[in-house]
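The values are calculated or read from the model by the stated rules, or taken from the named source; none is laboratory data. Just so it is clear, the model here is predicted, and its values are computed rather than measured. All Cβ positions, glycine included, derive from the backbone under ideal geometry; neighbour counts span all protein chains shown. SASA here: full protein model, heavy atoms, side chains in, ligands and nucleic acids out. Shrake-Rupley method; radii C 1.70, N 1.55, O 1.52, S 1.80 Å.
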Amino acid sequence: MSVSERKLRDREMTRKKIIDAALHLVKNEGWESLSIRKIADAIEYSAPVIYDHFVNKEAILFEISQEGFKLLLANIHKAISKEKSPQDELKALVDCYWKFALKNGSYFKLMFGIGMPCCGEGKLKTEFEALQDLIYEIIKKIIIEKKTNIESACYKTHAFWSAIHGFTSIMITRSADVPQTMNVSVLDQMVVNIIENL
């Protein structure tokens, strides 16, 4: 391995350490408490080393958000690949979305800017669109099967995601107020009702 290759590898390893440490801190303490100093302490480097890789804390949070979307989409693709009908695909997508949010509350809040200014500032357009396109394609298949107005697919996709995301966001910020069994029951019924009305 050449000197330049070794330097590049070491740089990538340090970058990964920074992201991993930041993600660990976000998961355990919330995004609000994240600081460059805490990340530096966690990986036992000085703050200037962090700034050598990321211009500021928001750049680190943005990268974590991108990774979150990749993970969420990978989980959804895996879940829907097991289903045979678009209706079941949509149910599997919602189940995966919900479970991801519950398991990764701080991560999910960061990705979607829940209770915080969204760290992507519009830069996460590709990630949002990938998720929206996936929902759109499933809803379009259901509409084609039902022989209803295909031109309404975009509107119905937006309405569907708004309902599911809104419900999920409320529940992860108020999870102690309502029993999880009720949340799951409400969400399941919501999906059934939406599918019936597509």
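With the simple spin-label model, which puts each label point 7 Å out from Cα in the Cβ direction, the residue 130 to residue 165 separation comes to 1.6 nm. In this simple spin-label approximation, residue 74 and residue 13 carry label points 7 Å from Cα along the Cα→Cβ vector, and these lie 2.2 nm apart. Legend: calculated FRET efficiency, residue 147 to residue 67, from the Cβ-Cβ distance at R0 = 45 Å, rounded to 0.05, equals 0.65. With the Cα gyration tensor of the stretch 1-111 giving a ≥ b ≥ c as the square roots of its eigenvalues, does the rule (a/c under 1.5 for rounded; else a/b larger than b/c for prolate; else oblate) give rounded, prolate or oblate? It comes out oblate by the Cα gyration axes. In the chain, the portion of solvent-accessible area held by carbon and sulfur atoms comes to 55 percent [1.4 Å probe, whole percent, DNA, RNA and ligands not counted]. Solvent exposure of the chain, expressed per residue, is 56 Å² of accessible area, with all protein chains present and a 1.4 angstrom probe.
Computed over neighbours whose Cβ is under 15 Å from that of residue 12, the net charge equals +1, Lys and Arg +1, Asp and Glu -1. Taking amide H atoms as placed 1.01 Å from N in the peptide plane, the amide H of residue 148 has no partner under 5 Å among residues 5 or more positions away or on other chains.
Counting only Cα atoms, the size of the chain along its three principal axes is 61, 44, 28 Å, in decreasing order.
Are there GluC sites (Glu not before Pro) in the stretch 1-78 that DSSP marks as loop and that have at most 12 other Cβ atoms within 10 Å, and which are they?
Working: sites: 5, 12, 29, 32, 44, 58, 63, 67; in loops: 44.
Qualifying residues, ordered by number: 44.
About the Cα centre, and with charges only on the beta carbon of Lys, Arg (+1) and Asp, Glu (-1), how big is the dipole of the chain? Nearest 20 debye, please. List each step's numbers first, then the result.
Working: 27 positive and 26 negative charges, 56 e Å.
Rounded to the nearest 20 debye, it is 260 debye.
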